[in-house]
Amino acid sequence: MLFLPVVFMIHDFEEVIGFRPWIVKNQQTLEQRFPKLARRMLPHFLGLSTSALAAGVAFMFLIVSFCSFGAVVWNIPQLWMGAFLAYSVHIVVHILQWMVFRRYVPVVVTSFLSLPYCYYGIRIVSENFGVVQVGIWGGLGLAAMSLALPLVHWFVGRLKVLRQ
């Protein structure tokens, strides 16, 4: 359980380090291949500094760490399970992004490196939790991620505005 924050940070280091140069380099390709998505997302992403992105990742890291350490300290492994399942879905989404884009995306190397941990974690979850618990805690983890992600993007967007 305590390894999840480590896996999360290794994965997000690739994103923090590589995202800004990648988005600038691939802007035209994104506009050509995905015009609607590019119109909606590129202004936000192009305005993000590496430090703003790192601040958003730090917030998500705190959530993942709280769930992992809380699971151990308070003996509530379901906290870890919710965060782990949300992280696993996050990894699958990144691999799908790479498959759709058909070239390097600055999350794909560590997404593939995360797969053994995700596979092992899913085995642990399936052996130790019932379907109802997985549904409830997995749903809570995904819901928390779905709420936190827009808040994080709003926050890092505000950092962008404050920096100018």
* Structure fact -> By residue number, the members of segment 1-47 that are among the basic types (Lys, Arg) and surrounded by 15 or more Cβ atoms within 10 Å (Cβ to Cβ) are 20
* To do: Go through segment 1-24 and give me each residue that's assigned to a helix (DSSP H, G or I), aromatic (Phe, Trp, Tyr) and within 21 Å of residue 72 (Cβ to Cβ).
  => 8
* Asked: If we scan segment 108-118, do we find a residue that is assigned to a helix (DSSP H, G or I) and either out of contact with any helix residue (DSSP H, G or I) (no Cβ under 8 Å at 6 or more places or on another chain) or at pLDDT below 95 (or both)?
  -> yes
* From 71, 86, 55, residue being modelled with pLDDT under 95 and closer than 30 Å to residue 136 by Cα -> 55
* Confirm whether residue 71 is surrounded by 16 or more Cβ atoms within 10 Å (Cβ to Cβ) and touching a Pro at 6+ places or on another chain (Cβ under 9 Å). => yes
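Could you please find all residues in segment 120-134 being exposed (fewer than 14 other Cβ atoms within 10 Å of the Cβ) and under 17 Å from the mean Cα position of the chain (by Cα)?
none
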* Asked: Mind checking whether some residue in segment 81-104 is touching a residue at least 12 places away in the same chain (Cβ under 8 Å) and farther than 30 Å from residue 20 by Cβ?
  -> yes
* To do: State all residues of segment 28-40 that are touching a Phe, Trp or Tyr at 6+ places or on another chain (Cβ under 9 Å) and either within 13 Å of residue 156 (Cβ to Cβ) or polar (S, T, N, Q) (or both); if no residue qualifies, say none.
  => 29
* To do: Quick one: which residue in 84, 155 is touching a Gly at 6+ places or on another chain (Cβ under 9 Å), part of a helix (DSSP H, G or I) and closer than 22 Å to residue 41 by Cβ?
  => 155
* Out of the residues in segment 150-164 that are within 17 Å of the chain's Cα centre (by Cα) and without any contact (Cβ under 8 Å) to a residue 60 or more places away in the chain, state the one that is surrounded by the fewest Cβ atoms within 10 Å (Cβ to Cβ). => 150
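The values are calculated or read from the model by the stated rules, or taken from the named source; none is laboratory data. Predicted model only: the values in this text are computed from it and were never measured. Counting neighbours? That spans all protein chains shown, and the Cβs are built from the backbone with ideal geometry, glycine included.
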